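Let me begin by presenting the structure, written as structure tokens, before commenting on it.
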Amino acid sequence: MTILTLHNTLTGRKEAFRPIEPAHVRVYACGPTVYNYAHIGNGRMAVVFDLLVRVLREIYPRVTYVSNITDVDDKIMDAARQNGEAIDIITRRYEAIYNEDMAALGVVKPDIQPRATEHISEMIAQIEQLIARDHAYAVQGHALFHVPSFPAYGGLSGRSRDDQIAGARVEVSPFKKDPADFVLWKPSTSEQPGWDSPWGRGRPGWHIECSAMAEKHLGLPFDIHGGGADLKFPHHENEIAQSCCAHGHENDLSAFARYWVHNGFVTVDGEKMSKSIGNIRLVHDLISHYPGEVLRLTLLSAHYRAPLSFTADALDQARSTLDRYYRILFDLKEVEAGAGTVPAAVLNALCDDLNTPQVIAELNALVRDVANADLSQRQQIKASLLATGDLLGLLQTDPAAWLGYGVQDGVDGVAIEKLLQERQNARQSKDFGRADEIRRELSAMGIEIEDTPQGTKWRKAS
RNA sequence: GGCGCGGUGGCCGAGUGGCUAGGCAGAGGACUGCAAAUCCUUGUACGCCGGUUCGAUUCCGGCCCGUGCCUCCA
């Protein structure tokens, strides 16, 4: 049996993954708040957990992957006010765009993608449980989680409650019993979206939605909880507090989720993405300039926990790596691949805490001797390459189309053929000056040519 | 200030207590009229200072630098 190891934030160590039920692995990852286009950092999270789920599916018979849509949030309300649009118009629009953009990155849609607004009653029920167990209290239309009621609080991020208060930059609301207490429910004005609750008309705090939706769709405890590294505190810390305390597991932080997996941040040219710097890279824009697989491989070219500097150079490198694999597949197009399996070295690398750079190295090793391989070795290489591509969510395009052979759109095939014939004539009469001139003309049209023993081929350069 | 993550050859990027990934770029060569593509050859790097050790890039301590988070900002 293949053993997956994962770095578990809860213990701070790399551990062997042991599912609660090997017959059914359950995963939750915090999804986007839908009020804008997703940026490449959101894309990284989606790609990393998509890959994790693919690897789990390779090992285990059944995997359920839940990733939520946050469609009630103050940032959404701000966006609605600014655009003069209804909130649900905005959230449904950006939810659809999010799913399209992630699909372009090769992300398989989660099995369940619950919306926060469709789980209000579950959230209210959980808050009532917390109040009943004296872990929360109602005051002035709010419901607040009382952090001192949960001594184990802070176990995920490793900060003491005192540290948090000492470092807090935000003024503490006067009605909080303790400065560290956080909101479970807050009142809405009549213009704001709201739902009736035991504490009056209001809306949920941010953290409670994930606790409620994960529990409803996966049951507790479940196997893996993921998200961006920025969510460790306070979001995931608070989820643990809510879910453990609602069920009386005050001494067991793993009573909610067993393994916590966090992906690192994406920077742009080494700088944080921010509106003020104006360097936010939206997936929606990037996919019109780069094939989705180039973006996906770029995101997988660093280990998922390491920071990733998103640069034009990194994109170019991912593209040339993919070009090389596609060229090999193109050269092997007459070779019968047969049923392929993912090479053990690749699966082992993936099972080593998703060591994707190692996977790429293994892929290079696989492909290194293709030129000197015999037929059965070529069949094996092709099958392994395709199987690995399927697992990684790469190499899903027809090689000829990827490389630009036989392109019909945006090229004048007749003119190209005419120029190629003219060049051929020039070469035969040793008029290489004219032949090179024609090659430059074609190059200016975006057409690259290759002279082979079988004649001259052309391709549309990407 | 607190907590976390990271600093590897020109660039990207794994990993390891001693056998020193991989890719890109560069250099040389083969092939080609010249190219392109491909193939061959070529790179002893691990932030700084101590310590442990026969031996540290890898372990321990300190420091420096970069980066993220610090409670929903109504």
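Brief remarks follow.
- If the condition is being touching a Leu at 6+ places or on another chain (Cβ under 6 Å) and free of Cβ contacts under 8 Å to residues at least 24 places away in the same chain, then region A:268-308 contributes only A:Thr298.
- Note on region A:320-355: residues that are touching a residue at least 60 places away in the same chain (Cβ under 8 Å) and touching a Ser or Thr at 6+ places or on another chain (Cβ under 7 Å) total 5.
- Top-ranked residue in region A:13-52 [being assigned to a loop (DSSP other than H, G, I, E, B) and among the aliphatic types (A, V, I, L, M); ranked as nearest to A:Gly155 (Cα to Cα)]: A:Ile20
- For region A:130-145, the count of residues that are among the polar types (S, T, N, Q), touching a residue at least 12 places away in the same chain (Cβ under 8 Å) and surrounded by 15 or more Cβ atoms within 10 Å (Cβ to Cβ) is zero.
- Checked against (1) under 30 Å from A:Tyr60 (Cα atoms); (2) near RNA strand B (Cβ under 7 Å from one of its atoms), A:Arg324 meets all criteria but (1).
- Within region A:302-350, being in a helix (DSSP H, G or I) and closer than 20 Å to A:Leu286 by Cα holds for A:Ala312, A:Asp313, A:Ala314, A:Leu315, A:Asp316, A:Gln317, A:Ala318, A:Arg319, A:Ser320, A:Thr321, A:Leu322, A:Asp323.
- Of all residues making up region A:193-216, the number that are near RNA strand B (Cβ under 8 Å from one of its atoms) and either of a type in the set (Asp, Glu) or assigned to a loop (DSSP other than H, G, I, E, B) (or both): 1
- Residue match in region A:414-430 (condition: of a type in the set (D, E, K, R), without any contact (Cβ under 8 Å) to a residue 40 or more places away in the chain, exposed (fewer than 11 other Cβ atoms within 10 Å of the Cβ) and not in a loop (DSSP other than H, G, I, E, B)): no
- Region A:332-374, subset small (Gly, Ala, Ser) and under 17 Å from A:Thr321 (Cβ atoms), residue nearest to RNA strand B (Cβ to nearest atom): A:Ala361
Table: residues versus (1) in contact with a helix residue (DSSP H, G or I) (Cβ under 9 Å, 6 or more places away or on another chain); (2) surrounded by 13 or more Cβ atoms within 10 Å (Cβ to Cβ).
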| residue | (1), (2) |
| --- | --- |
| A:Leu375 | no, no |
| A:Leu394 | yes, yes |
| A:Gly404 | no, yes |
| A:Phe432 | yes, no |
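- Qualifying residue in region A:171-181 (condition: modelled with pLDDT of 95 or more and of a type in the set (A, V, I, L, M, F, W, C)): no
- Check on A:Gln317, within 14 Å of RNA strand B (Cβ to nearest atom) and surrounded by fewer than 16 Cβ atoms within 10 Å (Cβ to Cβ): yes
- Test: residue in region A:258-278 that is within 8 Å of RNA strand B (Cβ to nearest atom), exposed (fewer than 15 other Cβ atoms within 10 Å of the Cβ) and assigned to a helix (DSSP H, G or I): no
- Here A:Leu391 passes the criteria (1) over 30 Å from A:Leu56 (Cα atoms); (2) among the aliphatic types (A, V, I, L, M); (3) in a helix (DSSP H, G or I) except the one numbered (1).
The values are calculated or read from the model by the stated rules, or taken from the named source; none is laboratory data. Fair warning: this is a prediction, and the values are worked out from it, not measured in the lab. Because the Cβ atoms are built from the backbone with ideal geometry, glycine has one as well, and the counts that use them run over all protein chains shown.
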